[in-house]
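Handing you a structure now.
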Amino acid sequence: MGEKSRDVGRGNKTELSNTRSKFRIPGMVFIWISFVPWITYWTMSGMEHSLALVVPGLISLILVLYNSFRKDFVLMDVTSLSYFMVAVILTRIFDFEIFMQQGGALGYSVLFVMAVFSLIIKQPYTLQVSKRDYPEEMWQDKAFIEINNIITKVWVIVFFSNVIVYSFISSPGSIIITNILIVVGILFSVFFPKYAPAYFITREYKKFDWEVKVDSKTSKKEDKYDVIIVGAGIGGLTCGSFLAKRGHKVLVLDHHYQAGGYCSSFERKGFVFNTGVENISGLWDGGPTSFLLRELGLKKEELFIKNKMRYIYKGNAINANSLEEFMEDLSNIFPNEKNNIRNFFSEAKLAYMECYEESNEYGIPLPAELIAKVLGASRISRYPAEHPNFFKWMNVTYKEKLDEHFSDEDLKIVMCVLIGYLGTVPEKTPAASALTACVSYFMYGGYFTKGGAQKFADSLKDYIDDNGGKVLLKNKVEKIIIEDGQARGIKTGNKTYRSKVVVSNANAKSTFLDLVGTENITKEFSKYISELKMSPSCVMLSLGVDMDLSDFPTLLDNFDDECAIVFNSNADPSLAPKGQASVTVLGSGLYSDFPERGTEEYKQMKDEIIKEMIQKAENTIPNLSKHIVYSDLSTPKTFERYALVDEGAIYDFDQSTDTKRPYFKTPIKGLYLTGASTFPGGGIEAVIMSGIICGYDISGWEKP
């Protein structure tokens with residue numbers, strides 16, 4: 001009964017909202033409407049009309065009643081009504097003449113005090129008017145409030161100026177000047193909000209928004225390139241292949257003997273294991289991963305297969321092979337939340353599609369600063385209205401979103417099953433990040449790489465090699481060359497390669513503190529980079545077993561045993577000998593807990609963790625320990641060694657609300673960042689987006 005009542009309440013609220021919207025007057029138009037009583041007053045008093053106070057008073061009363069019907073409070077209209085009520089009483093009963101003789105100076109003095117008072121109580125008088133044009137979720141936004149502070153301050157200046165004008169300039173000059181100032185104030189109030197949001201969003205980014213023109217048509221010497229990319233992770237390979245398609249001469253260098261970074265594979269005793277990537281998003285028709293494949297002419301069906309996913313919670317199996325199946329299983333376990341589950345995913349789907357609306361133009365969602373730059377400043381001011389559902393997710397945490405929809409704490413725990421893809425906790429996870437990096441898997445599924453993750457990385461590498469570029473492995477970049485504050489190339493071993501554009505797919509800390517050098521950046525920026533918190537790492541147990549485990553899904557997360565298992569060969573049987581299985585068991589692991597690699601303490605700790613993880617996995621796979629053909633454990637120290645990322649962080653930097661990632665353009669002209677260090681963060685889909693963004697910016701934002 002409680003759930004039904006809650007839904008009915010939502011319905012009434014929506015119906016009321018729709019009814020109100022039919023009669024909505026645009027907020028900033030109401031600024032002018034609020035001046036109608038005053039314009040009437042000043043005009044009629046100038047004509048010495050007997051109703052010069054009564055008529056504007058009646059108009060003010062109508063405006064206040066209209067606002068009361070809408071349950072709005074407009075300070076200027078209430079002030080106007082109060083002024084004219086007092087004026088009528090004092091004029092008609094006590095024969096005060098000041099309201100007729102000094103109406104201009106007196107009226108503007110009252111409005112001046114009203115505006116100043118609204119600023120003192122931190123409720124700028126234009127705020128309530130502005131709320132008419134924006135969703136409720138935006139009303140507490142800092143930029144929204146700051147914009148209204150500025151508009152109200154402008155009106156303070158206008159009102160005070162008009163007091164001075166009426167005090168020292170006689171009619172008709174005073175009327176002309178004051179009216180001009182009012183028009184200026186109204187125009188400012190109407191147009192400033194359209195462009196101010198873009199200003200606030202881009203004012204910091206513009207410090208980095210340099211431009212370097214790349215001339216791909218001019219032939220270059222062997223050691224000179226249009227673009228040099230440091231690191232052959234998926235972000236770097238995406239950027240390189242994107243630019244190679246557009247005719248740029250690209251060089252990619254990596255310290256490792258194979259490309260891909262965390263998106264790579266290795267083979268042991270006939271079993272193939274991925275080094276980290278098991279579940280890839282963005283492969284629905286409008287997703288960034290699909291966009292990249294189409295751009296390069298690669299076929300999704302040849303590279304990826306959809307994962308089957310299952311979760312175990314308090315003995316209950318929850319399958320997530322489709323959204324309908326997932327919602328049905330959740331509803332069977334949490335019957336009192338059935339309607340809320342459907343409402344949650346209905347809203348989530350709308351929000352998700354709104355987030356990806358800009359993909360229609362550039363194939364990927366864009367951060368706010370790039371929406372302003374590429375699509376126009378006015379798109380930012382229209383964004384809340386054009387993305388009302390996604391905007392609701394932008395300024396809250398994932399925990400707040402779950403609390404809004406659900407009351408069952410166990411259900412909330414299940415809905416956080418994929419939050420490990422962000423390495424955060426719900427109360428510090430941006431809801432928008434949870435939507436795109438976690439909830440999206442329930443709606444559109446995740447994919448496994450056929451042949452292992454290495455195949456996808458090698459496909460991008462081969463595309464670069466086949467299109468005039470070059471990928472050099474086992475070539476560790478030792479220095480990014482900076483001359484006169486600009487990137488000019490890199491050094492590796494005894495070789496130097498030159499380019500006006502360098503893209504670093506290395507972690508931003510390594511990029512600036514090691515490759516660039518603190519002497520080439522400001523102390524402020526060096527401090528900011530140094531203090532960025534790294535994301536969590538993990539432990540990954542690779543097992544080759546002589547068992548047929550084909551009855552299991554590809555991904556199984558057992559909450560009860562705190563054990564996540566990936567059955568690699570269930571996605572692609574070629575990853576294990578016939579009748580056997582390639583299995584990966586994942587667990588949490590703190591970098592600081594591990595001794596130095598190669599020590600006896602390190603080996604002993606690994607053995608203990610392997611034993612513990614096998615015991616946990618055996619609750620899901622009976623007799624597992626008796627069928628192990630191969631086993632090895634990757635620790636945070638392993639990831640640090642092979643990926644050259646501090647602390648073996650799997651998403652580079654912390655992805656919570658506490659951390660602001662650096663822009664993809666850096667303080668050094670010609671030096672870009674791509675990969676997990678920058679927008680939008682960690683994960684294959686995310687780093688693909690970062691690589692595409694770099695590619696677009698280098699090539700001048702030419703549409704595909």
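Might you check whether a residue that is of a type in the set (Ser, Thr, Tyr) and assigned to a loop (DSSP other than H, G, I, E, B) occurs anywhere in region 337-351? Walk me through how you get there before you give the answer.
Taking region 337-351 as the starting set, the residues that turn out to be of a type in the set (Ser, Thr, Tyr) are 346.
Now narrow it down to the ones that are assigned to a loop (DSSP other than H, G, I, E, B): none.
So far as region 337-351 goes, no, none of its residues is of a type in the set (Ser, Thr, Tyr) and assigned to a loop (DSSP other than H, G, I, E, B).
Let me ask something else. Go through region 549-593 and give me each residue that's touching an Asp or Glu at 6+ places or on another chain (Cβ under 9 Å) and among the aromatic types (Phe, Trp, Tyr).
The one that is touching an Asp or Glu at 6+ places or on another chain (Cβ under 9 Å) and among the aromatic types (Phe, Trp, Tyr): 591.
Okay, moving on. Is it the case, given these coordinates, that residue 672 is surrounded by 20 or more Cβ atoms within 10 Å (Cβ to Cβ) and part of a strand (DSSP E or B)? Walk me through how you get there before you give the answer.
Details: surrounded by 20 or more Cβ atoms within 10 Å (Cβ to Cβ): yes; part of a strand (DSSP E or B): yes.
Considered against the rule, which asks whether it is surrounded by 20 or more Cβ atoms within 10 Å (Cβ to Cβ) and part of a strand (DSSP E or B), residue 672 comes out as yes.
Taking residue 178 as the residue in question, decide whether it is crowded, with 17+ Cβ neighbours inside 10 Å, outside the structural domain of residue 395 (by TED's automatic domain parsing) and either over 27 Å from residue 391 (Cα atoms) or among the aliphatic types (A, V, I, L, M) (or both). Break it down into steps so the answer makes sense when it comes.
Numbers: crowded, with 17+ Cβ neighbours inside 10 Å: yes; outside the structural domain of residue 395 (by TED's automatic domain parsing): yes; either over 27 Å from residue 391 (Cα atoms) or among the aliphatic types (A, V, I, L, M) (or both): yes.
It is true that residue 178 is crowded, with 17+ Cβ neighbours inside 10 Å, outside the structural domain of residue 395 (by TED's automatic domain parsing) and either over 27 Å from residue 391 (Cα atoms) or among the aliphatic types (A, V, I, L, M) (or both).
Could you check region 338-371 and list, in sequence order, the residues that are more than 18 Å from residue 664 (Cβ to Cβ), in contact with a Phe, Trp or Tyr (Cβ under 6 Å, 6 or more places away or on another chain) and in contact (Cβ under 8 Å) with a residue 60 or more places away in the chain?
Those that are more than 18 Å from residue 664 (Cβ to Cβ), in contact with a Phe, Trp or Tyr (Cβ under 6 Å, 6 or more places away or on another chain) and in contact (Cβ under 8 Å) with a residue 60 or more places away in the chain: 340, 351, 355.
Of everything in region 30-53 that's touching a Ser or Thr at 6+ places or on another chain (Cβ under 9 Å) and among the small types (Gly, Ala, Ser), which residue is farthest from residue 179 (Cα to Cα)?
Among residues in region 30-53 that are touching a Ser or Thr at 6+ places or on another chain (Cβ under 9 Å) and among the small types (Gly, Ala, Ser), the one farthest from residue 179 (Cα to Cα) is 52.
Examine region 259-272 for a residue that is surrounded by fewer than 18 Cβ atoms within 10 Å (Cβ to Cβ), among the small types (Gly, Ala, Ser) and part of a loop (DSSP other than H, G, I, E, B), and state whether such a residue exists.
Let us first name the residues in region 259-272 that are surrounded by fewer than 18 Cβ atoms within 10 Å (Cβ to Cβ), namely 266-270.
Still in the running and among the small types (Gly, Ala, Ser): 270.
Still in the list and also part of a loop (DSSP other than H, G, I, E, B): 270.
Within region 259-272, one or more residues are surrounded by fewer than 18 Cβ atoms within 10 Å (Cβ to Cβ), among the small types (Gly, Ala, Ser) and part of a loop (DSSP other than H, G, I, E, B).
Identify, from the list 128, 123, the residue that is part of a loop (DSSP other than H, G, I, E, B) and under 33 Å from the mean Cα position of the chain (by Cα). Reasoning before the result, please.
Values: 128 fails: part of a loop (DSSP other than H, G, I, E, B).
Sole residue among the options that is part of a loop (DSSP other than H, G, I, E, B) and under 33 Å from the mean Cα position of the chain (by Cα): 123.
Can you tell me how many residues within region 262-307 are of a type in the set (A, V, I, L, M) and modelled with pLDDT under 95?
1
In region 321-356, how many residues are touching a Pro at 6+ places or on another chain (Cβ under 8 Å) and within 27 Å of residue 691 (Cβ to Cβ)?
Taking region 321-356 as the starting set, the residues that turn out to be touching a Pro at 6+ places or on another chain (Cβ under 8 Å) are 321, 354-356.
Okay, now just the ones that are also within 27 Å of residue 691 (Cβ to Cβ), so 354-356.
Here the count works out to 3.
Continuing with the same structure: Report yes if residue 234 is modelled with pLDDT under 90, in contact with a helix residue (DSSP H, G or I) (Cβ under 6 Å, 6 or more places away or on another chain) and under 30 Å from residue 289 (Cβ atoms), otherwise no. I'd like the intermediate steps shown before the answer.
Details: modelled with pLDDT under 90: no; in contact with a helix residue (DSSP H, G or I) (Cβ under 6 Å, 6 or more places away or on another chain): yes; under 30 Å from residue 289 (Cβ atoms): yes.
Criteria not met by residue 234.
Between residues in region 376-387 that are surrounded by fewer than 17 Cβ atoms within 10 Å (Cβ to Cβ) and residues that are not in a helix (DSSP H, G or I), which pairs lie under 8 Å by C-beta distance while being six or more apart or on different chains?
Pairs that qualify, where the first residue is surrounded by fewer than 17 Cβ atoms within 10 Å (Cβ to Cβ) and the partner is not in a helix (DSSP H, G or I), are 385/134; 385/135; 386/357.
Would you say residue 133 is under 30 Å from residue 387 (Cβ atoms), in contact (Cβ under 8 Å) with a residue 40 or more places away in the chain and in contact with a Pro (Cβ under 7 Å, 6 or more places away or on another chain)? Before the answer, list the steps.
On the way: under 30 Å from residue 387 (Cβ atoms): yes; in contact (Cβ under 8 Å) with a residue 40 or more places away in the chain: yes; in contact with a Pro (Cβ under 7 Å, 6 or more places away or on another chain): yes.
So residue 133 fits the description; yes.
Something else: Scan region 685-692 and give yes if some residue there is in contact with an Asp or Glu (Cβ under 9 Å, 6 or more places away or on another chain) and either in a helix (DSSP H, G or I) or assigned by TED's automatic domain parsing to the domain that holds residue 371 (or both), otherwise no. Before the answer, list the steps.
Keep residues of region 685-692 that are in contact with an Asp or Glu (Cβ under 9 Å, 6 or more places away or on another chain), which gives 692.
Filter once more, keeping what is either in a helix (DSSP H, G or I) or assigned by TED's automatic domain parsing to the domain that holds residue 371 (or both): 692.
The answer is yes, given that some residue of region 685-692 is in contact with an Asp or Glu (Cβ under 9 Å, 6 or more places away or on another chain) and either in a helix (DSSP H, G or I) or assigned by TED's automatic domain parsing to the domain that holds residue 371 (or both).
Looking for something under 47 Å from the mean Cα position of the chain (by Cα), within 21 Å of residue 167 (Cβ to Cβ), in contact (Cβ under 8 Å) with a residue 40 or more places away in the chain and surrounded by fewer than 22 Cβ atoms within 10 Å (Cβ to Cβ) - is there at least one such residue anywhere in region 100-112?
yes
Then there's this: Which one is farthest from residue 421 (Cα to Cα), of the residues in region 654-703 that are of a type in the set (A, V, I, L, M) and touching a strand residue (DSSP E or B) at 6+ places or on another chain (Cβ under 8 Å)? Before the answer, list the steps.
Step one: filter region 654-703 for residues of a type in the set (A, V, I, L, M), giving 668, 671, 673, 676, 684, 686-689, 692-693, 698.
Retained after the next criterion (residues that are touching a strand residue (DSSP E or B) at 6+ places or on another chain (Cβ under 8 Å)): 668, 671, 673, 676, 684, 687, 698.
Values: 668: 31, 671: 28, 673: 21, 676: 12, 684: 11, 687: 13, 698: 30 Å.
Checking each candidate, the answer is 668.
Could you please find all residues in region 647-691 being over 17 Å from residue 531 (Cα atoms) and of a type in the set (A, V, I, L, M, F, W, C)?
650, 664, 668, 671, 673, 679, 684, 686, 687, 688, 689
Is one or more of the residues making up region 280-295 free of Cβ contacts under 8 Å to residues at least 24 places away in the same chain and either of a type in the set (Asp, Glu) or in the same structural domain as residue 570 (by TED's automatic domain parsing) (or both)?
Yes: one or more hits.
Here is a list: 81, 51, 90, 61. Which entry is loosely packed, with under 14 Cβ neighbours inside 10 Å and at pLDDT 80 or above? Steps first, please.
Details: 81 fails: loosely packed, with under 14 Cβ neighbours inside 10 Å; 90 fails: loosely packed, with under 14 Cβ neighbours inside 10 Å; 61 fails: loosely packed, with under 14 Cβ neighbours inside 10 Å.
When all the criteria are applied, what remains is 51.
With in contact with a Leu (Cβ under 9 Å, 6 or more places away or on another chain), within 30 Å of residue 203 (Cα to Cα) and not assigned by TED's automatic domain parsing to the domain that holds residue 280 as the only criterion, which of 384, 388 stands out? Full working, then the answer.
Working: 384 fails: in contact with a Leu (Cβ under 9 Å, 6 or more places away or on another chain).
Of the residues listed, the single one that is in contact with a Leu (Cβ under 9 Å, 6 or more places away or on another chain), within 30 Å of residue 203 (Cα to Cα) and not assigned by TED's automatic domain parsing to the domain that holds residue 280 is 388.
I've got another one for you. I'd like to check which helices (runs of 4 or more DSSP H) are fully inside region 564-669 and have at least 2 residues that are over 30 Å from residue 515 (Cβ atoms) and among the basic types (Lys, Arg).
Numbers: elements: 568-571, 600-618, 636-643.
Fully inside region 564-669 and qualifying: 600-618.
Of all residues being assigned to a strand (DSSP E or B) and of a type in the set (A, V, I, L, M) in region 483-541, which is surrounded by the most Cβ atoms within 10 Å (Cβ to Cβ)? Just the residue, please. Steps first, answer last, please.
Residues of region 483-541 assigned to a strand (DSSP E or B): 483, 486-492, 495-498, 502-504, 534, 537-541.
From what is left, the residues that are of a type in the set (A, V, I, L, M) are 487, 490, 502-503, 534, 539-541.
On the way: 487: 25, 490: 25, 502: 30, 503: 32, 534: 21, 539: 24, 540: 26, 541: 23.
Of everything passing the filter in region 483-541, 503 is surrounded by the most Cβ atoms within 10 Å (Cβ to Cβ).
Determine if region 605-613 includes at least one residue that is closer than 30 Å to residue 255 by Cα and either in contact with a helix residue (DSSP H, G or I) (Cβ under 6 Å, 6 or more places away or on another chain) or of a type in the set (Asp, Glu) (or both).
Start the filter on region 605-613 by keeping residues that are closer than 30 Å to residue 255 by Cα, which leaves 605-607, 609-610.
Narrowing further to those that are either in contact with a helix residue (DSSP H, G or I) (Cβ under 6 Å, 6 or more places away or on another chain) or of a type in the set (Asp, Glu) (or both): 607.
The answer is yes, given that some residue of region 605-613 is closer than 30 Å to residue 255 by Cα and either in contact with a helix residue (DSSP H, G or I) (Cβ under 6 Å, 6 or more places away or on another chain) or of a type in the set (Asp, Glu) (or both).
Residue-by-condition table, conditions (1) closer than 20 Å to residue 189 by Cβ; (2) in the same structural domain as residue 192 (by TED's automatic domain parsing); (3) in contact with a helix residue (DSSP H, G or I) (Cβ under 7 Å, 6 or more places away or on another chain):
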residue	(1), (2), (3)
84	no, yes, yes
93	no, yes, no
96	no, yes, yes
107	yes, yes, yes
115	yes, yes, yes
126	yes, yes, yes
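Would region 553-564 turn up any residue that is more than 24 Å from residue 223 (Cα to Cα), surrounded by fewer than 18 Cβ atoms within 10 Å (Cβ to Cβ) and at pLDDT 95 or above?
The answer is no; no qualifying residue exists.
The values are calculated or read from the model by the stated rules, or taken from the named source; none is laboratory data. Since the structure is predicted, the reported quantities are computational estimates derived from the model, not experimental observations. Heads up, the Cβs are rebuilt from the backbone with ideal geometry, glycines too, and the neighbour counts pull from every protein chain shown.
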